[in-house]
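Where a number appears in this text, it was derived from the coordinates with a stated rule and is not lab data. What you see is a predicted model, and the numbers here were worked out from it, not measured in a lab. Every residue, glycine among them, receives a Cβ derived from its backbone with ideal geometry; neighbour counts consider all protein chains shown.
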Amino acid sequence: MDAKTSNAHYMTADRIDVLEDLLNERYSVRAFLPQDVPRETIEHILRVSQRTASWCNSQPWQVLIASGEAKETFRKAIYAEAASGAKDDHDFTPPREYLGVYLERRRESGFQLYNTLGIARGDKMAYAKQALENYNFFGAPHVAVIHTDEPLGIYGAVDCGAYVSNFMLAAQALGLGTIPQAALARHSGLIRRHFNLADDRRVVCGISFGYADHAHKVNSYRTSRASVADTVTFVEE
């Protein structure tokens with residue numbers, strides 16, 4: 001191996017190590033510091049995320065970011081609707097049910113959260129109270145709403161999912177915390193009305209983001225991941 005090839009090898013190894021570190025470090029932050037993120041940092045995240053791959057290069061994501069008083073006004077509106085017990089108003093049909101291993105993983109994640117917060121198993125009132133914290137954006141100073149065009153259907157939503165993943169990794173690389181929130185999409189009609197979005201806009205999810213409160217106990221646990229053997233089938237003959 002000559003010097004040029006050797007240097008290229010180490011550069012490649014370093015790059016995958018950085019990506020792996022970011023993926024291992026990232027988690028869903030459920031307690032943020034009130035400190036605002038500088039606009040130039042947010043714009044850097046957006047520039048990086050814009051490189052996301054999409055079907056036919058359609059780039060169907062549109063991103064609305066609320067900060068300051070606009071965020072607070074939105075928070076009050078969506079929290080009030082969620083707390084009122086209003087009927088779900090999804091633009092995309094949510095999972096009908098979780099079965100088998102998917103149910104097991106969901107329960108594991110939920111019980112990790114509740115145990116960390118000292119919520120007794122089966123305390124449905126406490127579960128509901130914690131769920132409502134989604135609509136306080138867990139104290140984050142910024143919230144992004146990801147929406148797409150109705151005619152693109154599920155393809156547009158899939159592309160937006162890829163965008164969300166890259167947004168979170170870019171934020172992680174810049175020292176920020178994030179949490180993707182399907183919960184916000186349960187109130188898609190309110191979001192359209194509140195932000196005067198056109199009727200053909202379809203809300204995919206929200207992302208609350210800012211600086212993580214590392215001292216808060218809710219940020220102390222990490223969810224597990226299935227092994228490659230559990231999720232991948234190789235077909236070679």
Quiz item: Exposure proxy check: 209, 195, 32 ranked by fewest other beta carbons within 10 Å?
Solution: 195, 32, 209
Quiz item: Can you work out ³J(HN,Hα) from phi for every residue in region 182-188, in order, using Karplus 6.51 cos²θ - 1.76 cosθ + 1.60 and θ = phi - 60°, giving whole Hz and x for Gly and Pro?
Solution: 5, 4, 5, 5, 5, 10, 5
Self-check item: Computed FRET value (nearest 0.05) for residue 97 with residue 154, which takes r as the C-beta separation and R₀ as 25 Å
Solution: 0.85
Exercise. Assign unit charges at the C-beta atoms only (+1 for Lys and Arg, -1 for Asp and Glu), then state the dipole size of region 32-224 relative to its Cα centre in Debye, rounded to the nearest 20.
Key: 440
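Gain in length, residue 224 to residue 84, computed as 0.36 nm per residue apart minus the alpha-carbon separation, to one decimal in nm? Please report the intermediate quantities before stating the final value.
Values: separation 140, 0.36 × 140 = 50.40 nm, distance 3.35 nm.
So the extension gain works out to 47.0 nm.
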Quiz prompt | Paramagnetic label zone (point 7 Å from Cα along Cα-to-C-beta, residue 174; backbone N under 15 Å) in region 108-149 | solution = 141-145
Exercise. Sort all Cα-Cα distances of the chain into consecutive 10 angstrom bins from zero, then give the percent of pairs in each bin up to the one containing the longest distance.
Key: 7, 26, 36, 22, 7, 2, 0
Exercise. Mind sorting 42, 146 by how few other Cβ atoms lie within 10 Å of their own Cβ, fewest first?
Key: 42, 146
Quiz item: Taking +1 at the Cβ of each Lys and Arg and -1 at the Cβ of each Asp and Glu, which of 176, 44, 154 sits farthest along the dipole of the chain towards its positive end, judged by Cα position relative to the Cα centre?
Solution: 176
Quiz item: By the gyration tensor of its Cα atoms, with a ≥ b ≥ c the square roots of the eigenvalues, what is the shape of region 128-237: rounded for a/c under 1.5, prolate for a/b over b/c, or oblate?
Solution: oblate
Quiz item: Going by how many other Cβ atoms sit within 10 Å of their own, how do 149, 230, 21 line up, fewest first?
Solution: 230, 21, 149
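Given the Cα-Cα distance of residue 199 and residue 16 and 0.36 nm per residue of separation, how much length would full extension add, in nm? Show your work: numbers first, answer last.
Working: separation 183, 0.36 × 183 = 65.88 nm, distance 4.18 nm.
Extra length available between residue 199 and residue 16 comes to 61.7 nm.
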Exercise. Would you pull out the residues with amide H under 5 Å of residue 210's amide H, same chain only if 5 or more places away, H placed 1.01 Å from N?
Key: 177
Quiz item: 222 nm [θ] for the chain, helices only, -39500 (n - 2.57) per DSSP H run of 4+, per residue, to 500?
Solution: -15000 deg cm²/dmol
